[in-house]
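Down below is the structure, laid out as structure tokens.
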Protein chains: 2
Amino acid sequence: MDGEFDLIRRYFRPLASHPGALGLADDAALIDPEPGTQIVVTSDTIVENIHFLQNDPPESVAHKLLGVNFSDIAAMGAEPLGYVLSLALPQSWAESQREAWLSGFAVGLSDMQIEVSAGLLGGDTVSSPGGLVLTVTAFGRVPSGRALQRSGARPGDIVFLTGTLGDAALGLAALQDRLTGLPEAVRTELVRRYRHPSPRIGVGPRLVGLASAAIDVSDGLVADLGHLCRASNVTAAVDANALPLSAAAQTALTAQPDLLPLILTGGDDYELAFTAPAQAHTALAAVTSASGVAITAIGEIEAALERADDPPVRVMRGRDPVILGAGGFQHFA
Amino acid sequence: MDGEFDLIRRYFRPLASHPGALGLADDAALIDPEPGTQIVVTSDTIVENIHFLQNDPPESVAHKLLGVNFSDIAAMGAEPLGYVLSLALPQSWAESQREAWLSGFAVGLSDMQIEVSAGLLGGDTVSSPGGLVLTVTAFGRVPSGRALQRSGARPGDIVFLTGTLGDAALGLAALQDRLTGLPEAVRTELVRRYRHPSPRIGVGPRLVGLASAAIDVSDGLVADLGHLCRASNVTAAVDANALPLSAAAQTALTAQPDLLPLILTGGDDYELAFTAPAQAHTALAAVTSASGVAITAIGEIEAALERADDPPVRVMRGRDPVILGAGGFQHFA
């Protein structure tokens, strides 16, 4: 890991215990592939005041940065291997500010490394005239030729969702004072889910051989399931009454029924949406038992669109279509 | 490759012909390891007004971004495999400005992809309230257990350098009007070397089994050879009269002899400095024949420092030490 700052070595070297990290002291790191596996690679960048709020705790920024990336690894059905980290830190920061931020950020990385079983392999640290820009490239491994992709959904497949939907978007709305009258415990739980995504690495690898297609729900269910549908040349009908909601989200929705479109289109949940034939139900119950993560059927895959401009995902509440408003999730800047 | 902009797909999909890139259309990319190899991973970030000038042509920014990264791959003795790209583009750019920049940037990427035989695998594109921040994570492969590292140099080894030294630093100085009275052809050649680094991927893999330690000279010869010495617990004596200089650098140095410290400590050359036993000379001549890249003996490895605070690299001109001034290379911001 190159980088101008001794602070980096102090905070990051303890995170790099993998022998392939070469102590962050060489030009590059080494990954040992296992025979019969492919390496899965994904990269996501998060930017201050675009993907996280300027005053978000640095621990939470670290959770989000690794969560985003390992959610993609899980969506490919891969097991986490490690990651490299690139930090552009504001030149304007005083030494004490940089140290305080890096200290908290390293704690968040460490927490998430334990959660996803992956270590720091290397990276780069630079100064920037602008705000924080953080990039992680994450690695996983999957049996060769078995990676889950977006393109395998077929009409008649069931649409499944891990965990619960909408908590992160509601948490962000709460932070932005766009939700009113919520009990404090509900607000706290929603904000926690916004700040600490849990990539479904316990589920993704277990879907290999079961799921026909998969994607992670980072830009909202409707947008991401739409990507899956387009890649598979199918459509999806989602049953709003079947959506898995946390107790906190249910409380918020009961108080404000007009939050349903936000739940359906809001981002940052990092759950997995996937498709599988109906007979996979029993095997999926075993995945839930093994992973501790709920898996809920929320809809069905139908035939391709007749007109390419039509939305590929329809959400129905009984016989009534749910109106989603103007398009999918946009980041808040 | 995620990203908000259709432009990205237009310009980047043609660069992603590797089947593992999955058409930039999925959550991640796939790398197929070959049996008996390790994957080498490196990541470098470059920032506008820190690592490149705001008005540098976008083709040149692309050359530099891939050059920096594949230089690290070469320094590990690895063959290039591919890369992922993360772009943070200024929110303030108008659509036409973004399109013009991306168009030139994609041309530069394409040129460099051909030069290093590596394709785009994936990445991310985001908006940023600040300036351009560009991160590449590059991949290579090396026979298992054979990667070149910084830590293998031994007293008595010869220090070698590929190509020529100082051209990029002189080119930057010329761009900044810090060189005077240079013939225009000399200035043009130095600026070209600053803007278009040539990572030594034809040399690095051929050094496996020959070199005892290697590093790329991105932060200046003295600083980077110092890193190698510290990792190997040795010192180095460099002969200033042996340094390989291009005709352009020789012209500049003859006109301004006080440029020698800049040549020794200036960054951005992306040559390889490596050590090998004296008997490797013959084998290295064959590497030069095969790669077309000159390899020059510039000094010798000596015993460890007695005092850890002393500089690990001494540069001598005959019997006189060359005074390098206050420390190694700093980026220009």
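The values are calculated or read from the model by the stated rules, or taken from the named source; none is laboratory data. Because the structure is predicted, anything quoted here is derived from the model rather than measured. Cβ atoms come from the backbone with ideal geometry, glycine included; neighbour counts cover every protein chain shown. Just so you know, the surface numbers come from the protein's heavy atoms only, side chains and all, with ligands and any DNA or RNA stripped out. Shrake-Rupley method; radii C 1.70, N 1.55, O 1.52, S 1.80 Å.
Data table
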| read-out | value |
| --- | --- |
| Residue in segment B:34-53 that is open to solvent by less than 40 Å² (accessible area, probe 1.4 Å), more than 9 Å from chain A (Cβ to nearest Cβ) and touching a Phe, Trp or Tyr at 6+ places or on another chain (Cβ under 9 Å) present | no |
| Selection within segment A:205-227 - under 23 Å from A:SER60 (Cα atoms) and either without any contact (Cβ under 8 Å) to a residue 60 or more places away in the chain or not aliphatic (A, V, I, L, M) (or both) | A:ASP216, A:VAL217, A:SER218, A:ASP219, A:GLY220 |
| Evaluation of A:VAL133 against (1) at pLDDT 95 or above; (2) more than 8 Å from chain B (Cβ to nearest Cβ); (3) more than 17 Å from the chain's Cα centre (by Cα) (one fails), failing number | (2) |
| Any chance B:SER128 is within 11 Å of another protein chain (Cβ to nearest Cβ), in contact with a Leu (Cβ under 9 Å, 6 or more places away or on another chain) and either within 21 Å of B:ALA286 (Cβ to Cβ) or of a type outside the set (A, V, I, L, M, F, W, C) (or both) | yes |
| Scan of segment B:112-125 for residues that are more than 14 Å from chain A (Cβ to nearest Cβ) and in contact with a His (Cβ under 7 Å, 6 or more places away or on another chain), ordered by number | B:MET112 |
| Count - residues of segment B:87-111 that are in contact with a Phe, Trp or Tyr (Cβ under 8 Å, 6 or more places away or on another chain), without any contact (Cβ under 8 Å) to a residue 60 or more places away in the chain and more than 22 Å from A:ALA88 (Cβ to Cβ) | 0 |
| Matching residues, segment B:152-202, being open to solvent by less than 50 Å² (accessible area, probe 1.4 Å) and either more than 26 Å from B:PHE52 (Cβ to Cβ) or within 14 Å of chain A (Cβ to nearest Cβ) (or both) | B:GLY152, B:ALA153, B:GLY156, B:ASP157, B:ILE158, B:VAL159, B:PHE160, B:PRO199, B:ARG200, B:ILE201 |
| From the options B:ARG141, B:ARG146, residue that is out of contact with any strand residue (DSSP E or B) (no Cβ under 8 Å at 6 or more places or on another chain), open to solvent by 20 Å² or more (accessible area, probe 1.4 Å), closer than 30 Å to B:ASP32 by Cβ and within 14 Å of chain A (Cβ to nearest Cβ) | B:ARG146 |
| Some residue of segment B:220-227 being assigned to a loop (DSSP other than H, G, I, E, B) and open to solvent by less than 10 Å² (accessible area, probe 1.4 Å) | yes |
| Segment A:290-315 - residue that is outside any loop (DSSP other than H, G, I, E, B) and among the acidic types (Asp, Glu) and, of those, least open to solvent (accessible area, probe 1.4 Å) | A:GLU302 |
| Test: A:VAL68 is within 26 Å of B:GLY23 (Cα to Cα), more than 8 Å from chain B (Cβ to nearest Cβ), aliphatic (A, V, I, L, M) and not in a loop (DSSP other than H, G, I, E, B) | yes |
| Selected residue (criterion: modelled with the highest pLDDT) from residues of segment B:45-65 that are among the aliphatic types (A, V, I, L, M) and assigned to a loop (DSSP other than H, G, I, E, B) | B:ILE50 |
| Filter result for the condition that a residue is open to solvent by 10 Å² or more (accessible area, probe 1.4 Å), on the phi > 0 side of the Ramachandran plot and within 12 Å of another protein chain (Cβ to nearest Cβ), over B:LEU22, B:LEU30 | B:LEU22 |
| Flag for A:ALA297 being more than 21 Å from A:ASP216 (Cβ to Cβ), in contact (Cβ under 8 Å) with a residue 40 or more places away in the chain and small (Gly, Ala, Ser) | no |
| Residue within segment B:164-178 that is in contact (Cβ under 8 Å) with a residue 12 or more places away in the chain and more than 21 Å from B:PRO257 (Cα to Cα) present | no |
| Residue list for segment A:80-102, filter: farther than 22 Å from B:VAL126 by Cα and buried (at least 24 other Cβ atoms within 10 Å of the Cβ) | A:PRO80, A:LEU81 |
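Per-residue answers, yes or no, for (1) in a helix (DSSP H, G or I); (2) more than 16 Å from the chain's Cα centre (by Cα):
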residue: B:TRP101; (1), (2): yes, yes
residue: B:SER110; (1), (2): yes, yes
residue: B:GLU115; (1), (2): yes, no
residue: B:SER127; (1), (2): no, yes
residue: B:PHE139; (1), (2): no, no
residue: B:LEU165; (1), (2): no, no
residue: B:LEU179; (1), (2): no, yes
residue: B:VAL186; (1), (2): yes, yes
residue: B:ARG193; (1), (2): yes, no
